[in-house]
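The values are calculated or read from the model by the stated rules, or taken from the named source; none is laboratory data. A quick note: this is a predicted structure, and the numbers were derived from the prediction, not measured. Backbone-built Cβ (ideal geometry, glycine too); neighbour counts: all protein chains shown.
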């Protein structure tokens, strides 16, 4: 099926790389390596050579000569960027930050304590949550600046209580030299910003290099090389997901406005690569949307990039009826699902697979990307079947804490012995029995 093939193309196995990315690979390695091979080579080189490899790849891939000192954005540079930023922009950042804190605080896990007391037998069980010590955030910066990504990653982390946050961003005018991005870091309290990007930045955070200590978890979006590098270092550190190109599916009925549908499709396609898929059981809407796409793409600065993405990764699908439309959406399991119908609540009850769901005609994906409060870092490439969007809880580490007094251990001993006997692990039984041979608390 064509939609299944589209889902495969949008996954990390689809090897979706821009033409510029392919050319850089050949220039760097002298041969057209697969993206996974590129990510592995860079990561292993950084593991072996440390900062020297990071700076080497930065010079060769980003055409930026950096040193240990200039790699990190200084405190003065962050403060200067903040001071130079327009007041309305900073006010927007503060409002968005408050929205994120409000939502993320409400969903934050809390410690749970369970006590079982029967006579003199006492058991105490605790599920304890502690924030991660140190995390790293990947922020894209190749073709556009993304202060929203700083907000949607760093603020959930600080809400969870994370104290040390390292942000890596390419050394470009849209990245490590962008005043809006640096001002956003300053505003939300991020003091570690490094002008490095790509797989080398992921490896630097995962293994630690001179001037950039190792982190415990890496989150945030990026191109395919970033995603594959995150996959490669998983186990050395935790990661949020292996993200692919941005994507949206719109389920639309006869009440949908073709102008809105076209703009939503373009809004994800303009990431380039990005995917936009309309699924409707209203035949007339497809022709209306096709006309609107032509009109709107012609007026947008990134129209050509969005058109290229829609040609490669977009579709206008006529479903037999609402039931088939929902089945197709569930197959794709999109990052963003927009229910452009007259009664989205009714359809919501039948949706299992989606990273974020946008309800009704007045809730474009941009509301979630920029403002609402849930993070816009979401599962892509069909992984919404089992994966979740980033939230404050992803920055917590949980441990179970268990206490049994002697009487409680005595009560549990027969069941422990039975299981240990079946599994042939006699030392397990012995570790219980030795405590019940006349000892007390």
Selected residue (only one of 307, 297, 293, 251 is outside any loop (DSSP other than H, G, I, E, B), assigned by TED's automatic domain parsing to the domain that holds residue 363, without any contact (Cβ under 8 Å) to a residue 60 or more places away in the chain and touching a strand residue (DSSP E or B) at 6+ places or on another chain (Cβ under 9 Å)): 293
Residue 215 part of a loop (DSSP other than H, G, I, E, B) and at pLDDT 95 or above: yes
Matching option when the condition is buried (at least 24 other Cβ atoms within 10 Å of the Cβ) and over 21 Å from residue 132 (Cα atoms), among 248, 219: 248
Which listed residue, of 374, 379, is crowded, with 17+ Cβ neighbours inside 10 Å and either more than 25 Å from residue 244 (Cβ to Cβ) or out of contact with any strand residue (DSSP E or B) (no Cβ under 9 Å at 6 or more places or on another chain) (or both): 379
Selected residue (only one of 204, 166, 144 is under 23 Å from residue 33 (Cβ atoms) and outside the structural domain of residue 269 (by TED's automatic domain parsing)): 204
Top-ranked residue in the range 159-177 [being surrounded by fewer than 21 Cβ atoms within 10 Å (Cβ to Cβ) and without any contact (Cβ under 8 Å) to a residue 60 or more places away in the chain; ranked as farthest from residue 272 (Cα to Cα)]: 163
Meets criteria (more than 43 Å from the chain's Cα centre (by Cα) and either surrounded by fewer than 19 Cβ atoms within 10 Å (Cβ to Cβ) or not assigned by TED's automatic domain parsing to the domain that holds residue 228 (or both)) for residue 409: yes
Given (1) part of a strand (DSSP E or B); (2) touching a helix residue (DSSP H, G or I) at 6+ places or on another chain (Cβ under 9 Å), index of the condition residue 130 fails: (2)
Selection status of residue 151, within 20 Å of the chain's Cα centre (by Cα) and either buried (at least 24 other Cβ atoms within 10 Å of the Cβ) or not in a strand (DSSP E or B) (or both): yes
Test result for residue 31, outside the structural domain of residue 274 (by TED's automatic domain parsing), in a helix (DSSP H, G or I) and over 15 Å from residue 205 (Cβ atoms): no
Search result, residues across the range 230-247 that are assigned to a helix (DSSP H, G or I) and touching a strand residue (DSSP E or B) at 6+ places or on another chain (Cβ under 9 Å): 230, 231, 233
Complete set of residues in the range 388-404 that are surrounded by fewer than 16 Cβ atoms within 10 Å (Cβ to Cβ) and farther than 30 Å from residue 375 by Cα: 401, 402, 403
Options 200, 214: the member that is over 19 Å from the mean Cα position of the chain (by Cα) and under 19 Å from residue 69 (Cα atoms): 214
Residue in the range 78-89 that is outside any helix (DSSP H, G or I) and either more than 12 Å from residue 184 (Cβ to Cβ) or free of Cβ contacts under 8 Å to residues at least 60 places away in the same chain (or both) present: yes
